[in-house]
Amino acid sequence: MEEDKQRRLRALPAVHEVLARLEAEAEFGPFLTNKRSLPRIKHCVRQLLQKARENVYSNTSDWGEDVEAELWPWLIDELYQALANPETNLRRVINATGVVLHTNCGRALLAPEIARFVAAQAEHYSNLELNIETGERGSRYTLVEQLLCELSGAEAAMVVNNNAAAVLLMMNTFALGKEVVVSRGELVEVGGSFRIPEVLKAGGAKLVEVGSTNKTWYRDYEDAISTETALLLKVHTSNYRLEGFTHAVAGAELVELGEKRGIPVMEDLGSGSFFDGISLGFPPEPTVQQTVKAGLDLVTFSGDKLLGGPQAGIIVGKRCFIDRLKTNQLTRALRIDKLTLAALEGTLRMYLNGEGGEIPVWRMLSYSSQELKAKAEELKTVLEPSKTISVEIREDVSQVGGGAWPTVNLPTWVCSVRPKQGSVNELEKFLRLGPAAILTRIQKDWILFDVRTLLDGDIEDIAQRINDWK
Ligand SMILES: *Cc1c(COP(=O)(O)O)cnc(C)c1O
């Protein structure tokens, strides 16, 4: 047996022998020369030989030495084609989890018209850093600064790569080697093991924790202020809620203290929203406008959470502080790219035009029960003909995600599917590994498709995949 394997392995040709064979093939002469890359062909030959060796080892077939020489070109061609048309690494996912701001799936979606605006900017030159009026160099930040000021009521604004970068820049600019006072109840972990205290340290600031996990008072901040204090920082704990025996100091109170002691007061608002959610029946969250109005010197928030735009860190506040941020050399390392700026400008303009409710995140958060039920029924109707599953619709709850409104359960409708053969886990995996990865929720013996986060066309794709199940 072993001898046989050895013999078959030895019989496999070397790479240059295969190439020589290919060249000798009259039919495949052009195959090598005709606009194909030789290194890539060699790569395919190596892959094929590797497969042949594996087949010998595993004894799965006699494939390898026995494959007729004339088949090799075809097999190599097949591999070549597959390489030339690779499935991309970044792919579409159908989000049937109902989690609107799904951090693993890219958080907020852009409205289609904004996505087209971004694509157009990618294909053309633009005035990214050009003042068209004067013909001189301009600043990329001016493209969105005015819009952010109008929306937030702040004097000045700037944008960086993400909110973590905004906090880092803030620390590095105002608190390098100095102390920053933060409540113990606000030292949050934001996910992906990203923690506020670590960012402060990375920015060169010394963290001074005050109060206890559940209660922090005005006098705690007051007592912590020393000659080394550079900043009072408030962190909006949007991703969890302390309930019960708690106390926190409001931004406005901190502003008063800061003014009295001559210390700037800043807030990391986390999600940051221009809408408070009250009209949707959510517990009110402080909006960007309210936070600015409370008098904080600088306020930072994310672009791709409740704002519903691209990944970005937005900083709004008093002009003298924003000006200092702009001159920090780190700004260059944290700067926002032109496609992101395009997406952000488009998103901000929707708010200014009174179309904020049309931004996908807000559309998904504000669907009515009837709309969701109708969509779940539509999905049920297209899945029903499949003999391999049982399907029904029912009420359930979806999550906002992205660390926003963690305690809110959004009433929704789901289409639940149970495989007649195989387990739910197998079906879940089968859906996830499809041409577009379909992400679902598992609940006991059922797979749930929460229709809240489905987009146009998703229902057909789900139906097609379910059709291929067993
Ligand atoms: C989400 C969040 C961040 C991080 O924002 P990114 O834009 O993801 O960098 C920072 N602080 C708070 C309070 C957050 O909720």
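Within the shell of other residues whose beta carbon sits under 11 angstrom from the beta carbon of Gln289, the net charge comes to -1, with Lys and Arg scored +1 and Asp and Glu -1. Relative contact order, percent, of the stretch 105-207 when contacts are C-alpha pairs under 8 Å separated by at least 6 residues? This gives 18 percent for the stretch 105-207. Rounded to the nearest 20 debye, the dipole magnitude of the chain is 660 debye, with +1 charges on Lys and Arg beta carbons, -1 on Asp and Glu beta carbons, and the Cα centre as origin.
Normalised by the number of residues in the stretch 291-420, the mean separation of alpha-carbon contacts (under 8 Å, six or more apart) gives a relative contact order of 18 percent. Beta bridges from DSSP with both residues in the chain: antiparallel share about 60 percent, rounded to the nearest 5. Each principal axis of the Cα atoms in the stretch 110-358 has its own extent, and those three values, largest first, are 55, 43, 33 angstrom. Counting only alpha carbon atoms, the long axis of helix 71-84 and the longest principal axis of the chain meet at about 10°.
Entry for the chain at q = 0.05, 0.06, 0.07, 0.12 Å⁻¹: log10 I(q)/I(0) = -0.29, -0.41, -0.54, -1.06, Debye formula applied to identical alpha-carbon scatterers, no solvent contribution. Normalised by 2.2 N^0.38 Å, with N the number of residues, the alpha-carbon radius of gyration of the stretch 257-378 equals 1.27.
Between the stretch 407-432 and the stretch 297-354, the alpha-carbon centres lie 38 Å apart. Taking the centroid of alpha carbons for each part, the stretch 106-182 and the stretch 1-25 are 59 Å apart. At what distance in angstrom do the alpha carbon centres of the stretch 208-258 and the stretch 434-457 lie from each other? Their Cα centres are 41 Å away from one another. The residue list Ile447, Leu12, His247 was ranked by how far each Cα lies along the charge dipole of the chain toward its positive end, using unit charges on Cβ atoms, and His247 comes out on top. Think of it as helices only: each DSSP H run of n ≥ 4 in the chain is worth -39500 (n - 2.57), and spread over all residues that comes to -12500 deg cm²/dmol at 222 nm.
Its residue count N sets the reference 2.2 N^0.38 Å, and the alpha-carbon radius of gyration of the stretch 146-202 equals 1.31 times that reference.
Throughout, read-outs are computed from the coordinates displayed, never taken from laboratory work. As the structure is a prediction and not an experimental result, all values here were calculated from the model. We place every Cβ from the backbone using ideal geometry, glycine too, and count neighbours over all the protein chains shown.
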